[in-house]
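A.B. asks: Dropping the structure in here first, questions after.
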Amino acid sequence: MTMPQNPLNYSSDADPAIKEFDTTKLLKNARKQALERNYKDFFICDVDSHHYETEALPEILQYMDDPVLRHLGLSAGNVGRAGLIPQAIGSQDMAGRVTRYPGRSKETVPPTPHRDITLTRRWMDALGVDMACLFPTPMLLLATHPQPEVEVAMARAYNRWLCERILEEDKRMCSMVYLPINEPHEAERIIDEFAERKGVVGFLSTGYLKRPIHDNANMRIFSKLEEHGMPLGFHAVYNWSDSSLSQLNKFISVHALGFAFCNIIHMTNWVMNGMPERFPKLRTMWIESGLAWIPFLMQRLDNEYMMRTSDAPLLKKKPSDYMREMFYSSQPMELVDNREALEVTFKMINAETQLLYSSDYPHWDMDLPSTIYDLPFLGEQAKRDILGGNAQKLFNLAPTMSEWKLEARKAG
Amino acid sequence: MPEKLLCATADLSDTTAKIFEIEGVEIGVIRHNDTVVAYRNICPHQGGPVCEGLKMPRVCDELDEQKRSVRQSFDTTEMHFVCPWHGWEFKIETGEAIGDPKIRLSRYKVIERDAQIYVEV
Ligand code: FES
């Protein structure tokens with residue numbers, strides 16, 4: 001058989017965009033935006049950003065208690081298997097078109113501090129972000145692992161590594177750490193172990209759970225979060241194997257629907273089962289589904305609720321009234337040709353107090369702070385609250401400004 | 001309009017845009033189909049360095065006579081700048097965004113004279 005010729009390799013390592021990759025250079029225009037908009041004058045917190053924890057897997061596994069699982073994760077004979085973390089099918093990098101994916105491994109960093117700290121600081125400084133809430137990437141699908149003990153062991157090891165190697169080292173970084181809700185007893189232990197650690201500002205539920213969020217087994221988790229005054233984040237994720245999404249044939253389709261679908265399911269269960277009435281002090285943040293799903297769901301749920309209040313007897317007000325009291329991360333904000341819809345959305349969710357800027361950097365659909373700062377219908381104070389003030393309140397943060405901003409302030 | 005000298009014609013490549021800074025504005029210049037084009041190195045989406053991304057051909061869906069999807073292919077007669085920040089694509093020839101041709105890269109007039117490249121600014 002003659003193999004077809006394929007001379008085309010448009011995202012090869014030889015392309016200067018990849019070969020000479022450097023985060024600061026890639027984001028030089030973001031830095032210009034930060035200077036032009038005087039971000040030095042106020043605090044910016046990014047409540048949803050990422051690193052690739054699998055790059056540090058051997059380090060993370062050193063924090064794992066179970067020697068057999070640790071050995072499994074570290075073993076050299078791992079050709080043909082994904083290891084301990086399920087791998088997502090898809091093409092976030094658009095076959096290398098988004099150059100920070102193939103370029104990432106080429107970027108050089110000094111021996112100290114930790115590579116993740118250097119890379120994170122580089123993009124934060126370029127964007128004008130002072131503090132960032134850092135989340136893992138492949139582990140967002142860890143809850144789909146068929147062995148619950150693997151999820152728990154990875155979660156604990158990752159949280160320990162994150163606290164010790166990253167959060168202890170850099171006060172500009174914080175996290176809502178991984179909560180293995182599939183195993184409620186272990187989730188409670190994780191809250192006790194990490195709630196007081198430096199840089200821990202909450203706990204994170206990731207997309208695909210084995211039981212619905214309102215399952216009775218979870219109630220002690222929520223009580224414990226309430227006792228500690230710690231918010232619960234719901235980080236959406238897509239899962240192409242989900243039976244509802246598996247008919248979609250393109251990554252764009254599954255990504256566009258999957259994230260919103262994930263939060264729509266959890267939010268609907270959360271509200272219709274009266275969780276805000278059961279745990280009135282537990283604050284929730286809904287992460288990475290954009291914003292358009294929120295007005296949609298508010299309208300759908302309110303309309304049905306008024307006809308069927310007996311289906312949701314714990315509710316004392318309309319679903320949208322509860323949703324308006326929750327917190328939302330901004331990215332990926334729907335920005336194409338829809339200014340009016342966006343303005344209505346901001347009103348419907350009380351964005352001035354409930355919306356928190358997020359970049360999702362370094363993922364392909366990241367948003368810069370200018371996506372908020374340049375909105376013509378927001379006043380200066382509202383912009384600053386969404387970009388940082390609301391996060392400061394929700395996470396009870398002592399704001400740490402970036403060095404370049406402090407220097408720029410001194411220089412006038 | 002004043003002309004600015006950028007470089008010698010021979011310095012330009014047809015695979016990678018060369019970036020010049022003129023009065024604080026970056027301009028990406030590339031040889032394309034025997035002409036030279038120049039665009040402001042700012043993406044209309046969120047401001048990324050659009051001329052510094054990959055150069056990729058248009059991706060096409062091929063249908064058969066019954067309109068069944070057969071396969072995808074690259075059309076190398078239509079090359080795009082792909083913005084490295086989020087992947088918006090623009091025709092190198094015209095600067096039009098593929099997703100919405102009303103959105104365009106900001107273009108500069110290029111003059112090739114005596115083996116030198118100038119832009120009007
Ligand atoms: S800034 Fe160019 S694609 Fe977003």
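The values are calculated or read from the model by the stated rules, or taken from the named source; none is laboratory data. Everything quoted here is computed from the prediction, not taken from an experiment. Positions of Cβ are generated from backbone atoms using ideal geometry, with glycine treated the same way; all protein chains shown enter the neighbour counts. When the accessible area is computed, the model is the full protein with side chains, heavy atoms only, and any ligands, DNA or RNA have been set aside. Shrake-Rupley method; radii C 1.70, N 1.55, O 1.52, S 1.80 Å.
A.B. asks: Restricting the search to the range B:72-87, which residues are within 16 Å of the ligand (Cβ to nearest atom) and closer than 20 Å to B:Thr15 by Cα?
C.D. replies: B:His80, B:Phe81, B:Val82, B:Cys83, B:Pro84, B:Trp85, B:Gly87
A.B. asks: Restricting to the range A:26-55, and then to whatever is more than 27 Å from A:Lys410 (Cα to Cα) and of a type in the set (S, T, N, Q), can you tell me which residue is farthest from the other protein chains (Cβ to nearest Cβ)?
C.D. replies: A:Thr54
A.B. asks: Within the bounds of the range A:18-31, is there any residue that is buried (at least 16 other Cβ atoms within 10 Å of the Cβ), within 26 Å of the chain's Cα centre (by Cα), under 30 Å from A:Met285 (Cβ atoms) and at pLDDT below 90?
C.D. replies: No, the range A:18-31 has no match at all.
A.B. asks: Determine the pairs where a residue that is farther than 13 Å from B:Gly28 by Cβ and open to solvent by 50 Å² or more (accessible area, probe 1.4 Å), located within the range B:82-105, has a partner that is of a type in the set (D, E, K, R) and away from the ligand (no atom under 13 Å from the Cβ) with Cβ atoms under 6 Å apart, the partner being 6 or more residues away or on another chain.
C.D. replies: B:Arg104/B:Glu96
A.B. asks: Restricting the first residue to the range A:256-284 and requiring it to be over 19 Å from A:Asn239 (Cβ atoms), which pairs with a second residue that is assigned to a helix (DSSP H, G or I) and open to solvent by less than 30 Å² (accessible area, probe 1.4 Å) meet a Cβ separation below 6 Å and a spacing of at least six or different chains?
C.D. replies: A:Val271/A:Pro319; A:Val271/A:Tyr322; A:Pro276/A:Tyr322; A:Phe279/A:Phe222; A:Leu282/A:Phe222; A:Leu282/A:Leu225
A.B. asks: Given (1) at pLDDT below 95; (2) among the acidic types (Asp, Glu); (3) within 13 Å of the chain's Cα centre (by Cα), where does B:Glu23 come up short, assuming only one miss?
C.D. replies: (3) is the only condition that B:Glu23 fails.
A.B. asks: Report yes if B:Ile19 is closer than 26 Å to A:Met94 by Cα, open to solvent by 50 Å² or more (accessible area, probe 1.4 Å) and within 10 Å of another protein chain (Cβ to nearest Cβ), otherwise no.
C.D. replies: So B:Ile19 does not fit the description; no.
A.B. asks: Any idea which of A:Val129, A:Val98, A:Val47 is under 30 Å from A:Gly388 (Cβ atoms), modelled with pLDDT under 95 and among the β-branched types (Val, Ile, Thr)?
C.D. replies: Being under 30 Å from A:Gly388 (Cβ atoms), modelled with pLDDT under 95 and among the β-branched types (Val, Ile, Thr) holds for just one of A:Val129, A:Val98, A:Val47, which is A:Val98.
A.B. asks: Now for a separate question. Can you report the number of residues in the range A:259-310 which are outside any helix (DSSP H, G or I) and open to solvent by less than 60 Å² (accessible area, probe 1.4 Å)?
C.D. replies: Here the count works out to 13.
A.B. asks: Among the residues of the range B:39-97, which ones are among the hydroxyl-bearing types (Ser, Thr, Tyr), within 11 Å of chain A (Cβ to nearest Cβ) and under 22 Å from A:Thr99 (Cβ atoms)?
C.D. replies: Across the range B:39-97, the qualifying residue is only B:Thr76.
A.B. asks: Next question. Kindly indicate whether any position in the range B:36-44 is under 25 Å from A:Ile252 (Cβ atoms), open to solvent by less than 40 Å² (accessible area, probe 1.4 Å) and within 16 Å of the ligand (Cβ to nearest atom).
C.D. replies: Checked against the condition, which is being under 25 Å from A:Ile252 (Cβ atoms), open to solvent by less than 40 Å² (accessible area, probe 1.4 Å) and within 16 Å of the ligand (Cβ to nearest atom), the range B:36-44 yields at least one hit.
A.B. asks: From A:Glu343, A:Glu334, which residue is outside any loop (DSSP other than H, G, I, E, B) and of a type in the set (Asp, Glu)?
C.D. replies: A:Glu343
A.B. asks: Turning to a different aspect of this structure: Away from the ligand (no atom under 16 Å from the Cβ) and aliphatic (A, V, I, L, M), is that true of B:Ile30?
C.D. replies: In short, yes.
A.B. asks: Next question. What about A:Lys318, is it in contact with an Asp or Glu (Cβ under 7 Å, 6 or more places away or on another chain), among the basic types (Lys, Arg) and surrounded by 13 or more Cβ atoms within 10 Å (Cβ to Cβ)?
C.D. replies: yes
A.B. asks: If you don't mind, there's one more thing I want to ask. Of everything in the range B:45-71, what is touching a His at 6+ places or on another chain (Cβ under 8 Å) and more than 10 Å from the ligand (Cβ to nearest atom)? Give them in sequence order.
C.D. replies: Within the range B:45-71, B:Lys55, B:Met56, B:Pro57, B:Arg58 qualify.
A.B. asks: Going through A:Val177, A:Val152 one at a time, which residue ends up being more than 23 Å from A:Ala260 (Cβ to Cβ) and open to solvent by 10 Å² or more (accessible area, probe 1.4 Å)? Break it down stepwise before answering.
C.D. replies: On the way: A:Val177 fails: open to solvent by 10 Å² or more (accessible area, probe 1.4 Å).
Being more than 23 Å from A:Ala260 (Cβ to Cβ) and open to solvent by 10 Å² or more (accessible area, probe 1.4 Å) holds for just one of A:Val177, A:Val152, which is A:Val152.
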